[in-house]
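The values are calculated or read from the model by the stated rules, or taken from the named source; none is laboratory data. Predicted model, so just to flag it, every value in this text is computed and none were measured. With ideal geometry, Cβ positions are generated from the backbone for all residues, glycine too; neighbour counts draw on all protein chains shown.
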């Protein structure tokens, strides 16, 4: 595969952030030397080679995202304005990006989250989102953690009783505006 790729190293013994080794980038299209691990080169390391992300020339005017919540939130106990984060799991070109936003509404049986920025590879991109669905932490669609169904009404998740979303819950979002 042609193109520019970054080379990052992960220490499976201690975890932590991805690190730079002796080679930081390679050009695709053939066999390449990935260099040396950052330190303790006789120890175990995992290497990650991934395409260097380029912002799309013309961003989509409306694109579907699937994101995993970074913290739990409750419809009856959440507070409007509480900070929220999520990690993008789809689409692939934004895989691992972080969304930042707030609880826009949390009252009784209604919950609405709004994300206003996408942080990816040290760039912050302003966005506006609308929730389009839910996959709970057990993988069930449009059912919250206690097993009751939820529906969408005016961009909010609504159920018959107050409900909670675990930090592993996945939210489907429509991105209304995405500007690099």
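Of all residues in the stretch 143-159, those satisfying the criterion of being part of a strand (DSSP E or B) and either exposed (fewer than 12 other Cβ atoms within 10 Å of the Cβ) or in contact (Cβ under 8 Å) with a residue 24 or more places away in the chain (or both) are 153, 156, 157, 158. Looking only at residues of the stretch 160-170 that are within 17 Å of residue 79 (Cα to Cα) and either not assigned by TED's automatic domain parsing to the domain that holds residue 78 or not in a loop (DSSP other than H, G, I, E, B) (or both), we find that the one that is nearest to the chain's Cα centre (by Cα) is 165. Counting residues in the stretch 17-35 that are within 18 Å of residue 121 (Cβ to Cβ) and either in the same structural domain as residue 121 (by TED's automatic domain parsing) or surrounded by fewer than 10 Cβ atoms within 10 Å (Cβ to Cβ) (or both) gives one or more. Select from the stretch 87-124 the residues that are in contact with a helix residue (DSSP H, G or I) (Cβ under 9 Å, 6 or more places away or on another chain) and surrounded by fewer than 20 Cβ atoms within 10 Å (Cβ to Cβ) and list them in ascending order. Residue satisfying the conditions is 120 alone. Residue count for the stretch 160-175, restricted to those that are closer than 15 Å to residue 107 by Cα and either touching a helix residue (DSSP H, G or I) at 6+ places or on another chain (Cβ under 7 Å) or buried (at least 17 other Cβ atoms within 10 Å of the Cβ) (or both): 4.
Looking at this structure, is residue 40 over 21 Å from residue 155 (Cβ atoms), assigned by TED's automatic domain parsing to the domain that holds residue 18 and exposed (fewer than 14 other Cβ atoms within 10 Å of the Cβ)? When the stated conditions are applied, residue 40 passes them. The criterion of at least 2 residues that are at pLDDT 90 or above and on the phi > 0 side of the Ramachandran plot is met by none of the strands (runs of 3 or more DSSP E) wholly inside the stretch 48-142.
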